[in-house]
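Beneath this line is the structure, given in structure tokens, with notes to follow.
The numbers here are math on the coordinates, done by the rules we state, and not lab data. As the structure is a prediction and not an experimental result, all values here were calculated from the model. With ideal geometry, Cβ positions are generated from the backbone for all residues, glycine too; neighbour counts draw on all protein chains shown.
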Amino acid sequence: MNMTMEWLPQSQEPLRVGLMGFGQTGKAVATVLLKDPHIRLEWVIRRSHRLEHRSVPEFLGIDSHEPGLIYPSEEFEASQLLDQHPVDAIIDFSSEDGIEYYGDAAAQRGISIVSAISAYPSSKIKLLKNLSAHTRVLWSPNITLGINFMILAAKTLKLIAPFTDIEIVEEHFKAKPETSGTAMKMATEEPIYLARVTA
């Protein structure tokens, strides 16, 4: 994963970021954030008490002076967390319920929300739309460039050759308990209409 914030003016203070979720992808995102001089990882929230109050840079073995402390979600109400440890943006790799924890508090404070939760039910999508009336919200079921390019390429191919059969097989790590939200998104993306999802 190679992401940078080169578009930020050099004189600007680092973007303060909070991270929701510290699973496999959350750890990868935290690594990228800690290595970018334009971003300051303030905290990580996770459901578990495991790693409570540990330093993310220390846990990941990254030389950094950023605080990046890990807190269990039970320790703070979101409003208390955002007042005591303010951020400019929240990046969410937790679960579909994470937005319920911080959404309203973030929107009230004008904190940007970036969500990469792949399988939101319609009620949570509606909540994201409501929050977007008060703050910036970016939601993509999969924010990787490769997947979004593949969706775009499949759409383009279907428009050029509408009777072409397209089959997309997406594999996830074995421990993922649910059907991939990315696979579901690709299966329902117009005009692709995949007949089956085997993920």
*If you put +1 on each Lys and Arg Cβ and -1 on each Asp and Glu Cβ, how big is the dipole of region 15-139 around its Cα centre, in Debye rounded to 20?*
360
*Test item: Cα-centred dipole of region 11-74, Lys/Arg +1 and Asp/Glu -1 on Cβ, debye*: 240
*Whole-Å distance, taken between Cα centres, linking region 96-110 and region 52-94*: 15
_Residues of region 64-84 with backbone nitrogen within less than 18 Å of a virtual label 7 Å along the Cα-to-Cβ line of H49, please, listed as ranges._
70-77
_Span per principal axis, largest first, for the Cα atoms of region 15-139 (Å)_ = 40, 25, 24
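For S122, what is the net charge nearby, where nearby means another residue's Cβ is under 12 Å from its Cβ and Lys, Arg count +1, Asp, Glu -1? The partial results should precede the final answer.
Values: positive: K124, K126, K129; negative: E96.
Result for the local shell: +2.
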*How much length, in nm to one decimal, is gained on full extension between D97 and Q12, taken as 0.36 nm per residue of separation minus their Cα-Cα distance?*
27.3 nm
*asked:* Please compute the length gained on full extension between Q108 and L157, using 0.36 nm multiplied by the number of residues separating them and subtracting their Cα-Cα distance.
replied: 13.4 nm
